[in-house]
1. Consider Q74 against the criteria (1) over 19 Å from I100 (Cα atoms); (2) surrounded by fewer than 16 Cβ atoms within 10 Å (Cβ to Cβ): it satisfies all of them except one. Which criterion is unmet?
2. For the stretch 33-79, how many residues are more than 19 Å from I19 (Cβ to Cβ) and not β-branched (V, I, T)?
3. Within the stretch 1-52, count every residue that is among the hydrophobic types (A, V, I, L, M, F, W, C) and not in a strand (DSSP E or B).
4. Sort out which residues of the stretch 28-71 are acidic (D, E) and within 25 Å of Q94 (Cα to Cα), and write them in order of number.
5. Quickly run through the stretch 20-58 and pick out the residues that are more than 27 Å from Q96 (Cα to Cα) and either of a type in the set (A, V, I, L, M, F, W, C) or touching a Phe, Trp or Tyr at 6+ places or on another chain (Cβ under 6 Å) (or both).
6. Return the residue satisfying two criteria in turn: it lies in the stretch 77-105 and is surrounded by 11 or more Cβ atoms within 10 Å (Cβ to Cβ) and in a loop (DSSP other than H, G, I, E, B), and of such residues it is farthest from the chain's Cα centre (by Cα).
7. Would you check which residues across the stretch 55-76 are assigned to a helix (DSSP H, G or I) and either small (G, A, S) or without any contact (Cβ under 8 Å) to a residue 12 or more places away in the chain (or both) and list them?
8. Could you check the stretch 21-53 and list, in sequence order, the residues that are at pLDDT 95 or above, more than 28 Å from V11 (Cβ to Cβ) and of a type in the set (K, R)?
Amino acid sequence: EWSQLGYFNDVNVGGISYIEEEIPENKDQLRAHIETLGVLPTYRRLGVASKLLEYVFDNCKENEKIKQVYVQVQSNNESAVNLFKKNGFEVKEQDQNVNILVKNL
């Protein structure tokens, strides 16, 4: 498991964590499964979450077996869905409760 804290003017304002797991469709490849991404409300829309995602992307590129980044988001959390789309994710599956978004590396 990997994690990173996000800072704004030397204040811890958020964090991200992910695990590496096999891609179900291709067991020879791995994906980074984002388990947690959060930023304090006062510091949202300042680019902190995008920087935390950038950390994950950069970290994953160091392992050539990691081919994608994967996240599950509640369907009613439009701001989170938009954040991930803005950072290159595409909706792979969705139902009334959850959107599954994937970014291929």
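1. Result: Q74 passes all but (1).
2. Of the stretch 33-79, the ones more than 19 Å from I19 (Cβ to Cβ) are 39-48, 50-51, 74-79.
Narrowing the set further to residues that are not β-branched (V, I, T) leaves 40-41, 43-47, 50-51, 74-79.
The total comes to 15.
3. The initial filter retains those residues of the stretch 1-52 that are among the hydrophobic types (A, V, I, L, M, F, W, C), namely 2, 5, 8, 11, 13, 16, 19, 23, 30, 32, 34, 37, 39-40, 46, 48-49, 52.
Of the ones still in play, those that are also not in a strand (DSSP E or B) are 40, 46, 48-49, 52.
Matching residues across the stretch 1-52 total 5.
4. Pass one, the stretch 28-71, residues acidic (D, E): 28, 35, 54, 58, 62, 64.
Across the stretch 28-71, the qualifying residues are E35, E54.
5. L30, Y43, L46, V48, L52, V56, F57
6. N77
7. Keep residues of the stretch 55-76 that are assigned to a helix (DSSP H, G or I), which gives 55-61.
D58 - this is the single residue of the stretch 55-76 that is assigned to a helix (DSSP H, G or I) and either small (G, A, S) or without any contact (Cβ under 8 Å) to a residue 12 or more places away in the chain (or both).
8. Hit for the stretch 21-53 is R31, nothing else.
The values are calculated or read from the model by the stated rules, or taken from the named source; none is laboratory data. If you're wondering where the values come from, they're calculated on a predicted model, not measured in any experiment. Because the Cβ atoms are built from the backbone with ideal geometry, glycine has one as well, and the counts that use them run over all protein chains shown.
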